[in-house]
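Following: one structure in structure tokens, then a few remarks.
The values are calculated or read from the model by the stated rules, or taken from the named source; none is laboratory data. Worth saying up front: this structure is predicted, and the values here are computed from it rather than measured. Using ideal geometry, Cβ is built from the backbone for each residue, glycine included, and neighbour counts are taken over all protein chains shown.
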Amino acid sequence: MAILVLGGAGYIGSHAVHELIEQNVKVVVMDNLETGHKKAIHPKAKFYKGDIRDRDQLVEVFNQEEIEGVLHFAASSLVWESMIKPVKYFDNNVYGMMVLLDVMNQFNVKNIVFSSTAATYGESDVVPIHEDVSTRPTNPYGESKRMMEQIMKWCELAHGIKYVSLRYFNVAGAMRDGIIGEDHDPETHLIPIVLETALGKRKHVTIFGCDYDTKDGTCIRDYVHVDDLIQAHILALQYLIAGNESTVFNLGSNEGYSVKEIIETAEIVTGKKIQTVLGDRRLGDPPILVASSQKAKNILGWEPKKSNIEQIIYDAWIWHSKNPNGYRE
Ligand code: UDP
């Protein structure tokens, strides 16, 4: 039996594949390589290049392989892009999920761990955010993930497909040895941009908005180390395979850092001065997103070990300084 990792060539998916293989699990990867990198795929994983919206191709993978469960990372995930290309997000994310669940049902595959997001909550008055807080997304990305969760809920009722939806807060860091890490083109995430600036690849970091109602006027986010995040996926998979009920968990560190604090910490970790420029607010950005992850700790027994901000930035720094051009030669 194998675990199918959809989006296993992407930043988070590739870390999941490495960890599963480390734990001697048989892994099948499907990725359309639109944002993922072939080099990020573990050599021991069986790889199919394909898009989950392509039903025939997905059926082919389920026909060829004995799939026991699915980890679903294959989605578009940029808040700002979703504001200008909403249909891309509903097509890739929501339609992709519809095809996937239909094919899982056809092949009687009953377990899925899904990458959801804090963006499902939108602007919450409750901080830290727990899973019972109402979801009111402020961008199509968050809306698409909320819809995907709803579709899973109805497919559970109709077909008995069990799911765990993991609502990530801000994922960063990399595997300590610098073999795989974060490489987006274009890069739009804060920590990689800050580190590329420290490396001299960029002149400055633009701070998107310094007039938010926060301690220093910049947005606050909760950063979780990718390795800790992946441990939660493995626990969630075990939880489902053990026959437990479908549910949603937040994954974060329970601590919020402002954009300015991230830049200051990166200056300490890298020993480099990082130039900044003040810019306008970015479309769709909620001011504060901080998680309560107590539920994942209580039910899954999740124990984040690396999610202090210095370690996250340090591990990302190792990846960026060893691979200044990412996966490109
Ligand atoms: N951000 C910024 N400058 C950048 C990139 C990001 O000020 O060049 C801010 C962004 O507005 C947000 C925070 O950093 O408040 C985290 O953004 P990121 O894109 O990393 O993750 P998101 O929270 O959008 O998922």
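Numbers at a glance
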read-out: Residue in the range 120-136 that is assigned to a helix (DSSP H, G or I), within 13 Å of the ligand (Cβ to nearest atom), modelled with pLDDT of 95 or more and under 17 Å from the mean Cα position of the chain (by Cα) present; value: yes
read-out: Top-ranked residue in the range 165-183 [being of a type outside the set (A, V, I, L, M, F, W, C), part of a loop (DSSP other than H, G, I, E, B) and modelled with pLDDT of 95 or more; ranked as nearest to the ligand (Cβ to nearest atom)]; value: E182
read-out: Selected residue (criterion: nearest to A232 (Cα to Cα)) from residues of the range 285-310 that are out of contact with any Phe, Trp or Tyr (no Cβ under 6 Å at 6 or more places or on another chain) and among the basic types (K, R); value: K297
read-out: Residue match in the range 149-161 (condition: surrounded by 21 or more Cβ atoms within 10 Å (Cβ to Cβ), within 13 Å of the ligand (Cβ to nearest atom) and either among the aromatic types (F, W, Y) or at negative phi (or both)); value: no
read-out: Any pair with Cβ under 6 angstrom, 6 or more apart, that starts in the range 191-206 at a residue that is farther than 13 Å from A172 by Cβ and ends at one that is assigned to a helix (DSSP H, G or I) and at pLDDT 95 or above; value: A198/T270; R202/E196; V205/I193; V205/V194; V205/T197
read-out: Test: residue in the range 23-35 that is polar (S, T, N, Q) and within 12 Å of L71 (Cβ to Cβ); value: no
read-out: Test result for V103, more than 16 Å from the ligand (Cβ to nearest atom), touching a helix residue (DSSP H, G or I) at 6+ places or on another chain (Cβ under 7 Å) and part of a strand (DSSP E or B); value: no
read-out: Complete set of residues in the range 275-293 that are more than 11 Å from the ligand (Cβ to nearest atom) and either buried (at least 19 other Cβ atoms within 10 Å of the Cβ) or within 19 Å of the chain's Cα centre (by Cα) (or both); value: V290, A291, S292, S293
read-out: Candidate set: the range 193-215, residues that are touching a strand residue (DSSP E or B) at 6+ places or on another chain (Cβ under 8 Å) and closer than 25 Å to P304 by Cβ; chosen: the one nearest to the ligand (Cβ to nearest atom); value: I193
read-out: When residues of the range 309-327 are limited to those that are surrounded by fewer than 15 Cβ atoms within 10 Å (Cβ to Cβ) and touching a residue at least 40 places away in the same chain (Cβ under 8 Å), the one farthest from T35 (Cα to Cα); value: E310
read-out: Matching entry among G243, G256 (being within 15 Å of the ligand (Cβ to nearest atom) and of a type outside the set (S, T, Y)); value: G256
read-out: Tally, over the range 284-308, of residues that are part of a helix (DSSP H, G or I), free of Cβ contacts under 8 Å to residues at least 60 places away in the same chain and under 17 Å from V226 (Cα atoms); value: 1
read-out: Those residues of the range 203-215 which are of a type outside the set (G, A, S), assigned to a loop (DSSP other than H, G, I, E, B) and buried (at least 17 other Cβ atoms within 10 Å of the Cβ), in sequence order; value: C210, Y212, T214
read-out: Selection status of T218, farther than 18 Å from V17 by Cα, among the polar types (S, T, N, Q), surrounded by fewer than 21 Cβ atoms within 10 Å (Cβ to Cβ) and within 13 Å of the ligand (Cβ to nearest atom); value: no
read-out: Selection within the range 221-242 - in contact (Cβ under 8 Å) with a residue 60 or more places away in the chain and surrounded by fewer than 17 Cβ atoms within 10 Å (Cβ to Cβ); value: I241
read-out: Test: T265 is β-branched (V, I, T), out of contact with any Ser or Thr (no Cβ under 8 Å at 6 or more places or on another chain) and in contact (Cβ under 8 Å) with a residue 12 or more places away in the chain; value: yes
read-out: Residue list for the range 221-239, filter: within 23 Å of E22 (Cβ to Cβ) and either of a type in the set (S, T, N, Q) or not in a helix (DSSP H, G or I) (or both); value: V224, H225, Q231, Q238
read-out: Qualifying residues in the range 1-25 (those that are assigned to a helix (DSSP H, G or I) and of a type in the set (A, V, I, L, M, F, W, C)) - the one surrounded by the fewest Cβ atoms within 10 Å (Cβ to Cβ); value: I21
